[in-house]
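Working notes, structure below.
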Amino acid sequence: MHPSTVRTQWLGLFTFGGHFLFAWLWGRLLPQPYEVFSVRVALAVMGLLLLLKRVNRDLTAKTSIWVFGLIFWTQLPLYFGWMYLMNEGNKVWLASLCSMVLIYYHITDWRLATLGTVTGFALAAVLFELTRTDQAWLGLDLDNLAVLSFAWVMSIMLGMSGANLRRARLINTLSTMGVMAHELRTPLASVNLMGDVLRGLAQADMPEVKRKKLEELSARLQNMVRSMNRQIDTQISNAQLLRLPRPTTRIMAFELVQDVVAEYPYRSAGERGCVTLDLKEDFCFLGSRAQFAQVLVNLIKNALHSLASSSEALQSGALHITVDVSRGRGCFTVTDQGMGIPLAKQQRVFEPFFSLQNTVGNGLGLTFCKNVVEAADGVLSVRSDPPHGATFTIDLPIHHPTSAEPSPDTA
């Protein structure tokens, strides 16, 4: 329910060692008639899969979710149900099955646990019918079924209660975020109005140098307001558990990049001058324009921070953004010549609350980026060779509009 790489690794170690412990307990100390050591070894080896980096480094990936779910569906409802029936529902396996149900509902969502318990026990019954010799269906007598039903109902109730508690906390969080957003956007609107006033003053009769300075200041104020509003939207999306809607807006890739680069609130002319764009082949994709704009803003901000941390002076091309098509999919690449990311931390940068910036940042920016890209059926990846910079790549499916469709939305 609260996944992390370390917890998953500990689950893998506990699964591996636990099966050997129980093989000794039920095989030697308190012998159970149908304890099979070879099956225990096979189940113990399954636990080692949770130690693989491909499985535990990104617990939101589909591969990790499926491997985790399959391992514990096999380990818990299927195996425990089979052993319960093979041992004819004796007191050891009755207690073990009740404990299994509580554990299963604890380590996963109650809806998945309910489905897993039903399907696992059903397959266990089929397996029992195929492997039994002289065992009868004694595990299904009324006394045992009453105890099992009580354990199962209580597990469902506890699971639903936990889900309701998390939902209540989420509602409270969203309420707080709504109040904060309202309170922050009120002064931001005033700052934006000041930008309009400065732009109006720039239209008056005054020296050219002073007029350009006022226009530049007005643009920077309004860009800063847009950036802050995007940050507020990002935090609200993170508070909503990052369950982003499916994209429906058609977006032209290079036009989006141009707009984001032009509106970004740079801290100096040197920062703006180091950013270069390269259009190799444009493409159209489906997504939320506001959210993908924030994705690019986050990547640019991180790249500029990395460049500021390096000892090299900012040069043109130090931050390079490319739009291209490769193997039938659209690609954004954001490459910087900054400090780079250590190999051990490259996969962790997408984890919530993990930040390479010790003094600033909340560790949610790249998590937000990853979720936005994946909501559009894309992939966000990173490649870095410290201290020679880093490259973030956004890989997206290309949308091929039909003649009946309107032009891409640029609003």
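What helices (runs of 4 or more DSSP H), lying completely within segment 251-325, carry at least 3 residues that are over 27 Å from E215 (Cα atoms)? Where helices (runs of 4 or more DSSP H) fall fully within segment 251-325 and carry at least 3 residues being over 27 Å from E215 (Cα atoms), they are 289-309.
Which one of L29, L59, L85 is loosely packed, with under 13 Cβ neighbours inside 10 Å and either on the phi < 0 side of the Ramachandran plot or touching a helix residue (DSSP H, G or I) at 6+ places or on another chain (Cβ under 8 Å) (or both)? Explain how you work it out, then say what you get.
Values: L59 fails: loosely packed, with under 13 Cβ neighbours inside 10 Å; L85 fails: loosely packed, with under 13 Cβ neighbours inside 10 Å.
One residue alone meets the criteria, L29.
Within segment 145-158, residues that are at negative phi and open to solvent by 70 Å² or more (accessible area, probe 1.4 Å) reach partners that are assigned to a helix (DSSP H, G or I) and β-branched (V, I, T) with beta carbons closer than 6 Å, at six or more positions or on different chains, in the pairs W152/V101. Note on segment 212-226: residues that are open to solvent by less than 60 Å² (accessible area, probe 1.4 Å), at pLDDT below 80 and over 16 Å from S268 (Cα atoms) amount to 0. When the helices (runs of 4 or more DSSP H) confined to segment 1-59 are screened for residues that are of a type outside the set (F, W, Y), within 30 Å of G162 (Cα to Cα) and in contact (Cβ under 8 Å) with a residue 60 or more places away in the chain, those reaching at least 1 such residues are found at 5-24, 53-56.
Would you point out which residue out of S355, S381 is modelled with pLDDT under 75, open to solvent by less than 60 Å² (accessible area, probe 1.4 Å) and under 18 Å from the mean Cα position of the chain (by Cα)?
Numbers: S381 fails: modelled with pLDDT under 75.
When all the criteria are applied, what remains is S355.
The requirement of being within 22 Å of E263 (Cα to Cα), surrounded by fewer than 15 Cβ atoms within 10 Å (Cβ to Cβ) and modelled with pLDDT of 75 or more is fulfilled somewhere in segment 180-188, by at least one residue.
State yes or no: is L198 buried (at least 16 other Cβ atoms within 10 Å of the Cβ), at pLDDT 70 or above and under 16 Å from N298 (Cα atoms)?
No; evaluated as a whole, the condition is false for this residue.
Exactly one condition in (1) within 17 Å of P386 (Cα to Cα); (2) of a type in the set (S, T, N, Q); (3) in contact with a Lys or Arg (Cβ under 7 Å, 6 or more places away or on another chain) is not met by T322; state its number. Among (1) within 17 Å of P386 (Cα to Cα); (2) of a type in the set (S, T, N, Q); (3) in contact with a Lys or Arg (Cβ under 7 Å, 6 or more places away or on another chain), T322 violates only (1).
The values are calculated or read from the model by the stated rules, or taken from the named source; none is laboratory data. Remember, it's a predicted structure, so these values are computed and weren't measured experimentally. Here the Cβ is made from the backbone with ideal geometry for all residues, glycine too, and neighbour counts use every protein chain on show. Areas reflect the complete protein model, heavy atoms only, side chains present, ligands, DNA and RNA absent. Shrake-Rupley method; radii C 1.70, N 1.55, O 1.52, S 1.80 Å.
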